[in-house]
């Protein structure tokens with residue numbers, strides 16, 4: 001009788017220890033999640049502040065240039081947030097693919113010749129058929 005009670009007590013103590021370990025692990029995970037959420041909130045606030053400051057700068061630019069600038073800034077802010085959230089840089093292929101699509105912001109006093117490094121789009125022409 002006493003031996004059975006002792007075995008039961010030992011089993012209950014082991015079960016209690018396992019449950020306490022699970023609880024401690026869950027509390028640690030919750031604390032880590034809270035920390036990450038706080039960091040993410042701070043990062044979002046910084047990005048919003050940066051975007052607002054850039055929008056203020058754009059308010060003095062020509063409307064069309066302002067729109068192109070705004071679109072570029074939104075892409076840049078989004079890419080920055082993605083890199084920071086995932087803690088890694090975009091793959092080289094994606095950067096190369098997007099970089100040829102992005103229109104560089106017009107610099108003050110820049111002339112069209114400053115865009116000479118951009119590829120020129122040419123329409124597709126069908127090869128001539130043999131008569």
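Quick notes
- The range 1-78: translational diffusion in µm²/s, Stokes-Einstein, Kirkwood Rh over Cα pairs, 10 °C, 1.306 mPa s: 91 µm²/s
- When 54, 129 are sorted by how many other C-beta atoms sit within 10 angstrom of their C-beta, beginning with the fewest, the order is 129, 54.
We did not get these values from a lab; they are worked out from the coordinates using the rules stated. Nothing here was measured: the structure is a model prediction, and the numbers come from that model. All Cβ positions, even for glycine, are placed from backbone atoms using ideal geometry, and neighbour counts span all protein chains on display.
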